[in-house]
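*Asks:* Sending over a structure as structure tokens; questions will come in a sec.
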Amino acid sequence: MITPKVGSISWMDLTIPNAEVVRDFYAAVAGWKADPIDMGGYHDYCMVPPEAAVPAAGICHARGPNADLPPQWLIYITVADLPASLAACAARGGKVVAPSREMGGGKMAVIQDPSGAVAALYQPDRGG
């Protein structure tokens, strides 16, 4: 797996109450194929573009740790030091919407900037 570069948008996903309906919508509209991910009693989906080997985005249920996320496309910005980035967020008038947690070989948190826009910050594990 390639580690995303700091500052890059490394992922995007959509968290909504009924992931199957929206999964099927994007399959029909964009031609994406759904790759189910077992979430322990239900599935979220990595969405793979036609003729691609890697997913382009995720479509997730608003359950468990995602229950409070807004129903919008959420970008994941790669950072070098998640705690430092969260501290800078608070110092600059932003707020943490969802605290740091393990995800996909790293840690992520969701923030809101001073304008109200929401983004996720992702710090990949750099160990080997």
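The values are calculated or read from the model by the stated rules, or taken from the named source; none is laboratory data. All values reported here derive from a predicted model rather than from experimental measurement. So basically every Cβ, Gly included, is an ideal-geometry build from the backbone, and we count neighbours across all protein chains shown.
*Asks:* Look through the range 38-52, keep the residues that are modelled with pLDDT of 95 or more and of a type in the set (A, V, I, L, M), and return whichever of them is surrounded by the fewest Cβ atoms within 10 Å (Cβ to Cβ).
*Replies:* Out of the qualifying residues, it is Val48.
*Asks:* So, one more: How about the range 75-99: which of its residues are in contact with a helix residue (DSSP H, G or I) (Cβ under 7 Å, 6 or more places away or on another chain) and within 16 Å of Arg126 (Cβ to Cβ)?
*Replies:* Correct list: Val79 only.
*Asks:* Sticking with this one: Which members of the range 76-92 meet the condition of being touching a strand residue (DSSP E or B) at 6+ places or on another chain (Cβ under 8 Å), surrounded by 13 or more Cβ atoms within 10 Å (Cβ to Cβ) and more than 17 Å from Gly105 (Cα to Cα)?
*Replies:* Ser85, Leu86, Cys89
*Asks:* Filter the range 93-118 down to the residues that are within 17 Å of Lys5 (Cβ to Cβ) and surrounded by fewer than 17 Cβ atoms within 10 Å (Cβ to Cβ), then identify the one that is modelled with the lowest pLDDT.
*Replies:* Ranking the qualifying residues of the range 93-118, first place goes to Gly104.
*Asks:* Follow-up. Just to be sure, is Ala56 closer than 15 Å to Leu14 by Cα, loosely packed, with under 15 Cβ neighbours inside 10 Å and without any contact (Cβ under 8 Å) to a residue 24 or more places away in the chain? Before the answer, list the steps.
*Replies:* Values: closer than 15 Å to Leu14 by Cα: yes; loosely packed, with under 15 Cβ neighbours inside 10 Å: yes; without any contact (Cβ under 8 Å) to a residue 24 or more places away in the chain: no.
Taking the combined requirement at face value, the residue does not satisfy it.
*Asks:* Going by the structure shown, is Thr3 surrounded by fewer than 17 Cβ atoms within 10 Å (Cβ to Cβ), within 24 Å of Asp125 (Cβ to Cβ), of a type in the set (S, T, N, Q) and in contact (Cβ under 8 Å) with a residue 24 or more places away in the chain?
*Replies:* In short, yes.
*Asks:* Let me ask something else about it. Test each condition in (1) within 14 Å of the chain's Cα centre (by Cα); (2) of a type outside the set (Asp, Glu); (3) surrounded by 12 or more Cβ atoms within 10 Å (Cβ to Cβ) for Pro71 and report the one that comes out false.
*Replies:* Checking Pro71 against (1) within 14 Å of the chain's Cα centre (by Cα); (2) of a type outside the set (Asp, Glu); (3) surrounded by 12 or more Cβ atoms within 10 Å (Cβ to Cβ), the one that fails is (3).
*Asks:* Under 16 Å from Leu14 (Cα atoms) and touching a Gly at 6+ places or on another chain (Cβ under 8 Å): is that true of Asp68 in this structure?
*Replies:* When the stated conditions are applied, Asp68 does not pass them.
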